[in-house]
Amino acid sequence: MIREIITYPDKRLKMRSIEVSEFNNELHFLLNDMLDTMIDKNGIGLASIQIGIPKRVFIINVPVETNKKNSDGDIETEYLIENLIEFINPVILETHGKTTYEEGCLSVPKFYETIERFNIIKVQYFNRFGEKIIKEFDGLKAIAFQHEFDHLEGKLFIEKLSYLKRKKFDREIRNRKVEQS
Ligand SMILES: [Zn+2]
């Protein structure tokens with residue numbers, strides 16, 4: 001079932017999410033709804049709090065490149081459901097290097113900005129059946145993990161912006177409100 005995504009400045013996005021203690025049907029329904037919602041919005045990651053549920057749960061599905069090119073000559077990408085990873089009670093064990101990427105967020109629609117993240121991370125998490133997994137991620141998966149992990153701590157990527165870029169964001173949000181009213 002597709003759920004409604006809460007957006008900035010909704011105060012719930014500032015909540016610290018709570019650990020999952022039971023790996024039951026309720027958790028599985030939540031994960032299934034999160035996937036439906038993320039696919040509907042073409043997202044590559046979604047945290048539980050983004051649909052208003054403060055649990056330490058997020059999902060990531062990074063699209064892969066195909067052999068096909070679109071009309072602009074760019075390589076097309078597609079989502080493969082087997083690339084979906086469900087993270088429950090995740091912990092970051094190690095970090096290495098730095099990288100930057102132009103990030104966006106389904107809870108901060110139509111705003112993109114370059115953010116610095118760790119390049120490689122070693123993490124521990126549980127899958128939907130309560131099995132503990134330890135794994136290393138790099139590239140876009142590592143970036144998406146850190147973005148989603150911040151949601152569990154009540155943080156948004158706009159909080160990582162420099163003073164000037166944050167001013168630009170605040171101005172854009174104000175202008176949007178004027179347009180809507
Ligand atoms: Zn986000």
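Every number here is computed from the coordinates shown, using simple stated rules; none is lab data. If you're wondering where the values come from, they're calculated on a predicted model, not measured in any experiment. A quick note on method: Cβ atoms are made from the backbone with ideal geometry, for glycine too, and the neighbour counts reach across all protein chains shown.
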Connecting every pair of Cα atoms under 10 Å apart in the chain and solving the GNM, the largest mean-square fluctuation among 90, 109, 63 falls on 109
Packing-ranked peptide list from 68-77, 146-155, highest mean Cβ count within 10 angstrom first, is 146-155, 68-77
Going through 41/167; 14/155; 11/155 one by one, the pairs whose alpha carbons sit over 18 Å apart turn out to be 41/167
Checking 171, 117, 12 against a Gaussian network model of the chain (alpha-carbon springs below 10 Å), the top fluctuating residue turns out to be 171
Placing each pseudo-label 7 Å from Cα in the direction of the beta carbon, residue 99 and residue 41 end up separated by a distance in nanometres of 2.3 nm
Residue span residue 64 to residue 12: 0.36 nm per residue of separation minus Cα-Cα distance leaves a gain in nm of 15.5 nm
Two pseudo-spin positions, 7 Å from Cα along C-beta at residue 134 and at residue 176, lie apart in nanometres by 4.1 nm
If one builds a Gaussian network model of the chain from Cα atoms under 10 Å apart, the most fluctuating residue listed among 65, 86, 136 is 65
In the chain, helical segments from DSSP H whose Cα atoms cover 18 Å or more along their own axis and that average at least -0.5 on the Kyte-Doolittle scale are 25-40, 139-152
The chain -> Rg/Rh from Cα coords, Kirkwood Rh, value 0.97
